[in-house]
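One structure is given below, encoded as structure tokens.
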Amino acid sequence: MDGNKRWQDGNLQHPDRDPKRRDFVAEEQDPYGVILSCIDSRVPPELLFDTGLGDLFVMRTGGQVVGPVVTGSVEYGPMTSGTPLIVVLGHQRCGAIKAAYEAMRDGKKLPGNLQAISDALRPAYEETVKAKAKDPVDAMVRIHVKQTSADLRSNRDLSPLVKKGDLAVVSAYYSLDTGRVEVLTGAPSA
């Protein structure tokens, strides 16, 4: 979060982005966080958190939707090297979630494999409809990241790490307007 504060303020340090760091991580990596975020070009986690080479495992999918391969990729750091943090990062004005919301609302299908994204977002859509939010797309983004992080916290392989306090699984929301990342759920207590 210190890196996100630097991003917001424009006081970037650009840590771990030089040939010395490249040489240091060439043989082995030990990232301190896993970020699951959207493919949106305005939401690159390494920049939003002012991090560098070898600092984060990053997975990006439309609407930060997960499936078995993505879940396995998220599990990789915590299960193989003890990475202590997973952040599921949604963002303001998410085009993937907006398209899925509108398609479901209108009873339409999205073209091609985009429908798979929409199908994966159905639980968030259903909760959003019940909530009757003023901005349903924004509400759906927040609901979806909370649902995804809760699913990861209760994941058969990750939940023992969470229970021991070795892993925090956080849902968060990025504001395109301010550059701020807001933690929604799962913040470590210490």
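The values are calculated or read from the model by the stated rules, or taken from the named source; none is laboratory data. None of the values given here were measured: they were computed from a predicted structure. Because the Cβ atoms are built from the backbone with ideal geometry, glycine has one as well, and the counts that use them run over all protein chains shown. Side chains included, ligands, DNA and RNA excluded: accessible areas come from the protein's heavy atoms. Shrake-Rupley method; radii C 1.70, N 1.55, O 1.52, S 1.80 Å.
Only one item in (1) 53, 39, 35; (2) 55, 54, 27; (3) 51, 45, 28 matches Cα extents along the principal axes in Å derived from the coordinates shown, and that item is (1).
Only Lys, Arg, Asp and Glu carry charge here, each on its Cβ (+1 for the first two, -1 for the last two); on that basis the range 1-82 has a dipole of about 260 debye about its Cα centre. Report note on the peptides 69-81, 141-153, 160-172: ranked by the mean count of other C-beta atoms within 10 Å, highest first, their order is 141-153, 160-172, 69-81. When each of the peptides 87-97, 9-19 is scored by how many other beta carbons lie within 10 Å of its residues on average, the order from highest to lowest is 87-97, 9-19. Helix 68-81 and the longest principal axis of the C-alpha atoms of the chain enclose an angle of approximately 30°. Considering only 53, 121, 145, and ranking their Cα positions along the charge dipole of the chain that arises from unit charges at the beta-carbon of Lys, Arg, Asp and Glu, the one farthest toward the positive end is 121.
Hey, what's the chain come to in accessible area per residue, 1.4 Å probe, Å²? Spell out each step's value before the answer.
Values: 10260 Å² over 190 residues.
Per residue, the chain has 54 Å² of solvent-accessible surface.
Dipole magnitude for the chain: computed about the Cα centre from +1 point charges on Lys and Arg Cβ and -1 point charges on Asp and Glu Cβ, it is near 700 debye. Farthest toward the dipole's positive end in the chain, which of 32, 79, 184, given Cβ charges of +1 (Lys, Arg) and -1 (Asp, Glu) about the Cα centre? Result: 184, furthest along the dipole toward the positive end. Over the range 100-190, how many pairs of lysines fall under 23 Å by alpha carbon, counting only those 8 or more apart in sequence or from different chains? Lysine pairs satisfying the spacing and distance rule in the range 100-190 number 10. Expressed as a whole percent, the accessible area of the range 33-190 that falls on carbon and sulfur atoms is 55 (1.4 Å probe).
Per DSSP H run of n ≥ 4, the term is -39500 (n - 2.57); total these for the chain, divide by its residue number, and report the mean residue ellipticity at 222 nm rounded to 500 deg cm²/dmol. Intermediate results must be reported in sequence, preceding the final value.
On the way: 9 runs with 86 residues, N = 190.
Rounded to the nearest 500, the figure is -13000 deg cm²/dmol.
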